[in-house]
Structure formats: C-alpha cells, structure tokens
Amino acid sequence: MSAPGSSILRRAKVYAVANQKGGVGKTTTAVNVSACLAEAGERVLLVDLDPQANATSGLGLRANGASTHELLDGGALASLAKPSGFPNLDVVMAKSDLAAAAVDLSTRPGGERYLAEALEGRLDPYSFVFLDCPPSFGPLTVNALAAAQRVLAPVQAEYYALEGLSQLLGTVNLVQARLNPELAVAGILLTMADSRTRLAAEVEAELRRHFGDLVFTQTVPRSVRLAEAPSHGLPAIAYDRRSVGAEAYWKVAMELVERS
C-alpha cells in the first residue's frame, strides 16, 4: 500500500455514507475508508449518526459523555470531535440517546438542517468528513444528506439491494431539490461480493449496466478478517493489513480520492 501524499483537497469534502437497507457494509465502509485516508496522511473526521453506535465501537471507542446528540443540539464541533486513537482520524461518537434526538429533530422547524449548521465553517482542519447514517431515511439521514456534498452508497451483492438503491437515489434527488442543491452521488460501492457465485457476478453486471461510471471499479469481497475487525475495535488495515478486505478498502479510498 502506498500513500497518495497529503493535502489532497483544500476544502473538506463531506460524504454521507447511506443506504436505507441494513447489513450492506455501510458502517464498515465508513470506518475503513476513513482509516485508510487517515493513514494516507489526510485529516479525517468520522461522525457517527447511528444510535447503534457501530462506527464508534468499531474503532474501539465508547461515548461516555457528549455525543452526536449534543452536536445536533448546538454543541461545538471542536469540543465534540475526539481523537480516535488512530493518527489523523477524529470521531464524533454516538450513543443510544441519539434515537431521542431523531424524534426531536422531526418536530423542530428546520430540523433537517441542524447538522449542516453545526458543521458549517468548522471543518477547516479536515480534508474528508464521513457521516455514517442509520439504516433508514429518518431525520438523522436527512440531516446527513442536507449537510453532505456527496453520497457514498454501499450496496450488497444481492438483488434486493438493487431495489433499495433506486429508493436511495430517489431520496437523494428529493433532498437535492428541496434542501441541498450541491448534493450528488459520489459512487455506488458493491460490498460482500463473492466472486465464486453467479449471483454476485449478475448483480455487479446489472449495477454497471444501469449506473455505469457511478459504480466503483473496486468491489469489496466477503472476508472473515473484515467481519472480525469490529469486534476487536479496529479498522481492517490495523487488524490485518494484508487481508483481502484491507486491500480492497485501501483501493476504494484511493478511488474515492480520484473521484473527488
């Protein structure tokens, strides 16, 4: 693995990692792409917007104090972004009280833009910001889409995922029209791909036929080491950097840089 060099971008690029379907590798993608870019020398911020806090625990962390809830309630990003324990990577951690914040946001006037307002003008230290969304299109995901410039959409190599992808792209178009004209799709990432099966090949072919260059060239294979890493509180490149999962996510991160 070779680093692309520092200061890839002068302005922070904000990505919402989103898919309304659970179990597609969304948090795995957010954690591992963040870690790869941080290892490459970029300053990265990962914001955990899922009440399950899997991105937080996947880095071996636990929010005992302030969390993303406070960020959505007007808290200062500078005090809420904490070092992850990995060089160049900061995290705004989540905990279960974020579920209450989601309900609260839905009742507030302009509640869909609270995250955008919390981040605006405060991202100078970072080159990349990743917003790990919950597996739904509720107020937290809408806040992420309203705050982001790009959407990174992980999609599992199965046919039901194709149906969900159409719903995701429709939501992106709706948010773009009503809340965030700058929003666009950075790419669709095929995850949990098993090259030994006909199904994975057919799903990949269908994705590329319908969405063309929006689909990442690199895919993420099924990998035992990749699945094990979160239980150790480590991204794949720290758990086993020679694993196929770690290698795949490094290439995904570098391809994301090229797409920027």
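Since every read-out is calculated from the coordinates, none of them should be taken as a lab result. Just so you know, these numbers come straight off a predicted model, no measurement behind them. Every residue, glycine among them, receives a Cβ derived from its backbone with ideal geometry; neighbour counts consider all protein chains shown.
Annotations
- Overall form of the stretch 13-259: oblate. Here a/c, set by the Cα gyration tensor axes a ≥ b ≥ c, is 1.5 or more, and a/b is not larger than b/c.
- Selection of GluC sites (Glu not before Pro), the stretch 51-146, meeting DSSP coil and at most 13 other Cβ within 10 Å: E120
- If R0 equals 22 Å, the separation of the Cβ atoms of E255 and S195 corresponds to a calculated FRET efficiency of about 0.75.
- Here the spin labels are modelled as points 7 Å beyond Cα on the Cα-Cβ line, and at H210 and R242 they lie 4.0 nm apart.
- In the stretch 194-244, the trypsin sites (Lys or Arg not before Pro) that fall in loop regions by DSSP, at most 10 other Cβ within 10 Å: R196, R242
- Net charge dipole, the chain: roughly 300 debye, given to the nearest 20, about the Cα centre with Cβ charges of +1 for Lys and Arg and -1 for Asp and Glu.
- Where a label projected 7 Å from the Cα of E182 along Cα→Cβ would reach, residues of the stretch 16-54 with amide N under 11 Å: none
- A helix-only calculation puts the chain at -12000 deg cm²/dmol for mean residue ellipticity at 222 nm, using -39500 (n - 2.57) for each DSSP H run of at least four residues, averaged over all residues.
- Backbone N atoms of the stretch 208-233 closer than 18 Å to the 7 Å Cα→Cβ label point of L169 belong to residues 208-218.
- The gain in end-to-end length when the E228 to E202 segment is fully stretched comes to 6.6 nm, 0.36 nm per residue minus the alpha carbon separation.
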